[in-house]
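What follows is a short report on a single structure.
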Amino acid sequence: MQVIVFMYVIVYYIALFSTSGQTEMVVRSFFSLCGIFLSVILLWRASIRIKTNERIFWKWMTVGAICYLIAEAVYRIYEWLSQTEPPFPNWSDVFYIAHSLMYIASLLYIIMQQRKQIAMWQALFDALIVTCVTMAYSWIYIVQPIIHLKENILYVAVLVAYPFLDLVMLFLLLFLFFVTNVRRIWLWNIVGVGLFVFTDTIYFIQMIQWNDVYSSWLDPLWIMSLLTISLSSYDAKDGDLSFQKGEQSFAIKVLFPYISFLTLMWMPFIYLGDRMVMSCFAFAVIFIFIRQFMTLKENRQLVQQLQTLNNDLEQKVMKRTQELTRMNEQLAYAANHDFLTGLFNRRAFVTELERALIRAKQEQHGLAVIFIDIDRFKQINDYFGHQIGDALIVQVGQWLKEKVRSTDIVARQGGDEFTIIFTPLKHISELHCFVNNIVSINKQPIAVQHLDMRVSLSVGVAVYPYDGETGDTLMKHADIAMYRAKEQGKNQYQFFNGEMDRIVLQKTIIETALHEAIEKKQFTLFYQPQFDVQTKELIGMEALIRWIHPEHGIISPAIFIPIAEETGQIISIGEWVIEEACRKMKKWSEQTGRSLRMSVNISPKQFLKENFVEHIHSMLQNTPLPPHQLDLEITEGVAVFNEQYTIDKLKQLKQLGVHISIDDFGTGYSSLSYLRKFPIDRLKIAKPFIDGITEEKEDVAVVKAIIVLAKNLKLRVIAEGVETLQQLDLLRSLQCDEIQGYVLGKPLPADVFEKTYMKNQLPNE
């Protein structure tokens, strides 16, 4: 659009200078009216496009352009009709002046709308300085010649109105120029109004000084000024006229008032007697001083405000720093202390242990790491509730803190475990005395809320440097020693030794290998025959599990069964044993046509499983083995774990038709009451009693009493571990029903057992 405007003006000039007479009048009229009409269209489109309050600015601008169009039309019509230019002033001057008033109104509207966003006084004084300079030049070249004209008042008033309105427009634009960054809109307006003022000035100078009433070459400049102002609306959008706080003035804005004042410096020397020129010069100087004074004052206030803000900021930073320091201290405390007891936590304990080891190495003294666990804490939690359990932990922690020396460190490891760094350690006797004192906690009750509770502790001790030289090693060994104390019966302490580490390592290896053994079916069953003592007839066999490891060979059940019990793997192992034994028993029954009985040991965890009865029923159906051929051996410990639960489960098993035996009778929780209540079929006398019956009269009396008791309760009795003929003869004389042992048959693999015993051939005595 800018290119079109400039091309339009160039064509206008070409047409103007290439014509004359009547044709020149037509060309001037056509290009002037068309240019003004284009200006009206551009401004009107902006007033329609803008939706905010800024559209009022563009409406005023449009109305002003329409006034100029009317003025130009009136002027050209008169010129056409009279073939000469109209007298001055005439009706066209009314609309020319109206155009300037509309433009001034639009600028005032923007200033009033944005007055809260701008620094008014600075822009005002900058504009006044430039206006004083402009007024001085206007007075010399325009106003003063007009005053000396011998014309009527109307002529002079209209003539003076043009430069006056030009000065007002220039003043307002300068004001906007100084309060905002020069946006594209204001740049086009400044150029347009500047060109307008320049053309008006030339026009009036010609009229007054050279009596040249009219020069046609000025017409394109007026049209160009209007089109330049209109170009500001071409790309206008909502918000383009909004001022922003904190806009930084360009260097030209700061220097422009002072540069313009320099152009006034020569006038006092030439027009020393002209009061108007001297007044403009004096006012410009006064405005500059006032502006500088107010700028200095404002800068001083800004500095004071900045100092105040800096002081406030320093206070806030100091306060925030104190808050952050306090919060960091709280976070550091929370990160290193147990929330319940206030003791060091595991993280802090590890850190303190590393520091203590460094000091021990430097000062060449020993130290001990002590692990402490509250015995049967789970039962306390389950019975009394977690609130009492937490209170007990707090009391034990406080008690330990009172027992240690000032150089020792107490921490809560987690749960019901505590740890102590005993440092420095100079004599092992003082460490023994200390742990003895800790274990003595059970000698007096601990007050926990409304309860007096007696607790015992299991304690494990690892000594630097004998049991390890690093924190991890010492903590691991103290933990192993503590669990060893629990295995030995609790309420005691154990010092770490190398054998403990070997046992733990062996357990870990076996536990890991058990997973692979279950998946790859490395287990197999051996079978040991059971005979009727009186008839010497094979009546059944016991299934005994063996683990044949591909690298370590046969691993004894005494090694892996306790570990499987502890880890819970015994359940899947036991299920496999029952299924395999039932299938083998079914096969042998079909081959021999005999109804033998298969005995299978049941682990406590397996028996206590909720779906144990359903699993047995499923195995019998899948095999399918007659229930009376399956004998389940349970220990006395399982029998008395939960009497009513055990009775209910045993009755369910009896309803299936299976046999039930009590294994290792006499070594556990022997009770005549459960023998009377439980639906069992057989008692199995434990091997320790059989081992001594040929030498100890007491063992003979115990075995005889068990046999008599079983007979009276109508139960069968089987003796296991019979290894000599003397033991066999004595058991026969005591009327024992069945025997099982090396004297008649060792445990054998299935294929060997089948060849040896399926025909019921008793070995020679």
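Among residues of region 90-115 that are closer than 21 Å to SER39 by Cα, those with a Cβ under 8 angstrom from a residue that is among the aromatic types (Phe, Trp, Tyr) and open to solvent by 40 Å² or more (accessible area, probe 1.4 Å), sequence gap 6+ or separate chain, pair up as SER92/TYR78; MET102/TRP60; TYR103/TRP60; ALA105/TRP60; SER106/TRP60; TYR109/TRP60. Of all positions in region 687-699, none carries a residue that is open to solvent by 40 Å² or more (accessible area, probe 1.4 Å) and among the aliphatic types (A, V, I, L, M). The set of residues from region 400-427 being of a type outside the set (Ser, Thr, Tyr), exposed (fewer than 14 other Cβ atoms within 10 Å of the Cβ) and without any contact (Cβ under 8 Å) to a residue 60 or more places away in the chain comprises GLU402, ARG405, GLY415, HIS427. Across region 539-555, the qualifying residues are those that are open to solvent by less than 50 Å² (accessible area, probe 1.4 Å) and at pLDDT below 85, and the one among them that is nearest to ASP663 (Cα to Cα) is ILE555.
Does LYS59 satisfy being basic (Lys, Arg) and out of contact with any Ser or Thr (no Cβ under 7 Å at 6 or more places or on another chain)? For LYS59, the condition - basic (Lys, Arg) and out of contact with any Ser or Thr (no Cβ under 7 Å at 6 or more places or on another chain) - is not met. Residues in region 465-490 that are surrounded by fewer than 17 Cβ atoms within 10 Å (Cβ to Cβ), over 42 Å from the mean Cα position of the chain (by Cα) and not charged (D, E, K, R): 4 in all.
All conditions in (1) out of contact with any strand residue (DSSP E or B) (no Cβ under 8 Å at 6 or more places or on another chain); (2) surrounded by 13 or more Cβ atoms within 10 Å (Cβ to Cβ); (3) acidic (Asp, Glu) hold for GLU314, with the sole exception of (2).
Tally time: how many residues in region 621-662 are open to solvent by 50 Å² or more (accessible area, probe 1.4 Å) and at positive phi?
Taking region 621-662 as the starting set, the residues that turn out to be open to solvent by 50 Å² or more (accessible area, probe 1.4 Å) are 621-622, 624, 628, 640-645, 648, 651-652, 654-655, 659.
Add one more test, that the residue is at positive phi, and what stays is none.
Result for region 621-662: 0.
Of the residues TYR78, TYR141, TYR155, the single one that is modelled with pLDDT of 70 or more and on the phi < 0 side of the Ramachandran plot is TYR78. Just one of (1) within 17 Å of PHE418 (Cβ to Cβ); (2) touching a residue at least 24 places away in the same chain (Cβ under 8 Å); (3) in a helix (DSSP H, G or I) fails for ALA360. It is (1). Which one is farthest from ALA356 (Cα to Cα), of the residues in region 441-481 that are part of a loop (DSSP other than H, G, I, E, B) and hydroxyl-bearing (Ser, Thr, Tyr)? So, considering only residues that are part of a loop (DSSP other than H, G, I, E, B) and hydroxyl-bearing (Ser, Thr, Tyr), the one farthest from ALA356 (Cα to Cα) is SER456.
What number of residues within region 382-398 are of a type in the set (A, V, I, L, M, F, W, C) and within 15 Å of VAL459 (Cα to Cα)?
Matching residues across region 382-398 total 1.
Of the set (1) touching a helix residue (DSSP H, G or I) at 6+ places or on another chain (Cβ under 8 Å); (2) β-branched (Val, Ile, Thr); (3) open to solvent by 50 Å² or more (accessible area, probe 1.4 Å), all apply to ILE509 but (1). Within region 441-458, the set of residues being open to solvent by less than 30 Å² (accessible area, probe 1.4 Å) and not aliphatic (A, V, I, L, M) comprises SER456, SER458. In region 568-586, the residues that are in contact (Cβ under 8 Å) with a residue 40 or more places away in the chain reach residues that are in a helix (DSSP H, G or I) and of a type in the set (S, T, N, Q) with C-beta atoms within less than 7 angstrom, at least six apart or across chains, in these pairs: MET585/GLN629.
Condition test on ALA462, is it more than 18 Å from ILE374 (Cα to Cα), in contact with a strand residue (DSSP E or B) (Cβ under 7 Å, 6 or more places away or on another chain) and open to solvent by less than 10 Å² (accessible area, probe 1.4 Å)? It is true that ALA462 is more than 18 Å from ILE374 (Cα to Cα), in contact with a strand residue (DSSP E or B) (Cβ under 7 Å, 6 or more places away or on another chain) and open to solvent by less than 10 Å² (accessible area, probe 1.4 Å). Might you check whether a residue that is of a type in the set (Lys, Arg), outside any helix (DSSP H, G or I) and out of contact with any His (no Cβ under 8 Å at 6 or more places or on another chain) occurs anywhere in region 372-379? Checked region 372-379: at least one residue is of a type in the set (Lys, Arg), outside any helix (DSSP H, G or I) and out of contact with any His (no Cβ under 8 Å at 6 or more places or on another chain).
Conditions (1) crowded, with 17+ Cβ neighbours inside 10 Å; (2) hydrophobic (A, V, I, L, M, F, W, C); (3) within 25 Å of PHE496 (Cα to Cα), marked per residue:
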{"residue": "LEU302", "(1), (2), (3)": "no, yes, no"}
{"residue": "ARG326", "(1), (2), (3)": "no, no, no"}
{"residue": "GLN330", "(1), (2), (3)": "no, no, no"}
{"residue": "LEU367", "(1), (2), (3)": "yes, yes, yes"}
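Listed by first and then second residue, the pairs linking a residue in region 254-271 that is closer than 17 Å to THR295 by Cβ to a residue that is among the aromatic types (Phe, Trp, Tyr) and at pLDDT 70 or above, with Cβ atoms under 7 Å apart and 6 or more places separating them unless they lie on different chains, form an empty list.
Of all the criteria given as (1) over 55 Å from the mean Cα position of the chain (by Cα); (2) surrounded by 14 or more Cβ atoms within 10 Å (Cβ to Cβ), the one not satisfied by THR535 is (2).
So, ARG583, is that one open to solvent by 30 Å² or more (accessible area, probe 1.4 Å), in contact with a His (Cβ under 9 Å, 6 or more places away or on another chain) and closer than 17 Å to THR623 by Cβ or not?
Values: open to solvent by 30 Å² or more (accessible area, probe 1.4 Å): yes; in contact with a His (Cβ under 9 Å, 6 or more places away or on another chain): no; closer than 17 Å to THR623 by Cβ: yes.
So ARG583 fails the test.
Under the condition of being among the polar types (S, T, N, Q) and either open to solvent by less than 60 Å² (accessible area, probe 1.4 Å) or modelled with pLDDT of 90 or more (or both), which residue from region 595-620 is farthest from ARG546 (Cα to Cα)?
Keep residues of region 595-620 that are among the polar types (S, T, N, Q), which gives 595, 599, 601, 603, 606, 611, 618.
Of the ones still in play, those that are also either open to solvent by less than 60 Å² (accessible area, probe 1.4 Å) or modelled with pLDDT of 90 or more (or both) are 599, 601, 603, 606, 618.
On the way: SER599: 15, ASN601: 13, SER603: 15, GLN606: 18, SER618: 24 Å.
Out of the qualifying residues, it is SER618.
Looking only at residues in region 383-399 that are over 35 Å from the mean Cα position of the chain (by Cα) and either free of Cβ contacts under 8 Å to residues at least 12 places away in the same chain or open to solvent by 30 Å² or more (accessible area, probe 1.4 Å) (or both), the one that is farthest from ALA334 (Cα to Cα) is TYR383. Within region 554-595, the set of residues being under 50 Å from the mean Cα position of the chain (by Cα), over 20 Å from PRO747 (Cα atoms) and either in a helix (DSSP H, G or I) or of a type in the set (Lys, Arg) (or both) comprises PRO562, ILE563, ALA564, GLU565, GLU566, THR567, ILE570, ILE571, SER572, GLU575.
Being open to solvent by 40 Å² or more (accessible area, probe 1.4 Å), modelled with pLDDT of 65 or more and either more than 56 Å from the chain's Cα centre (by Cα) or under 19 Å from SER106 (Cβ atoms) (or both), is that true of even one residue in region 175-186? Let's see the steps before the verdict.
Restricting attention to region 175-186, the residues satisfying the condition of being open to solvent by 40 Å² or more (accessible area, probe 1.4 Å) are 181-184.
Still in the running and modelled with pLDDT of 65 or more: 184.
Going one step further and asking which of them are either more than 56 Å from the chain's Cα centre (by Cα) or under 19 Å from SER106 (Cβ atoms) (or both), we end up with 184.
Within region 175-186 (the criterion being open to solvent by 40 Å² or more (accessible area, probe 1.4 Å), modelled with pLDDT of 65 or more and either more than 56 Å from the chain's Cα centre (by Cα) or under 19 Å from SER106 (Cβ atoms) (or both)), the answer is yes, since at least one residue qualifies.
Elements of the type strands (runs of 3 or more DSSP E) sitting completely within region 655-729 and holding at least 1 residues that are in contact (Cβ under 8 Å) with a residue 60 or more places away in the chain and under 27 Å from GLN629 (Cβ atoms): these cover 659-665, 716-720.
So that you can scan it fast, the table gives a plain yes or no per residue for (1) surrounded by fewer than 20 Cβ atoms within 10 Å (Cβ to Cβ); (2) modelled with pLDDT of 80 or more; (3) farther than 17 Å from VAL193 by Cα:
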residue	(1), (2), (3)
GLN2	yes, no, no
TYR8	yes, no, yes
TYR13	yes, no, yes
ARG45	yes, yes, yes
THR52	yes, no, yes
MET61	no, yes, no
TYR68	no, yes, no
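The values are calculated or read from the model by the stated rules, or taken from the named source; none is laboratory data. These figures come from a predicted structure and were not determined experimentally. Because the Cβ atoms are built from the backbone with ideal geometry, glycine has one as well, and the counts that use them run over all protein chains shown. Only protein heavy atoms, including side chains, enter the accessible area calculation; ligands, DNA and RNA are left aside. Shrake-Rupley method; radii C 1.70, N 1.55, O 1.52, S 1.80 Å.
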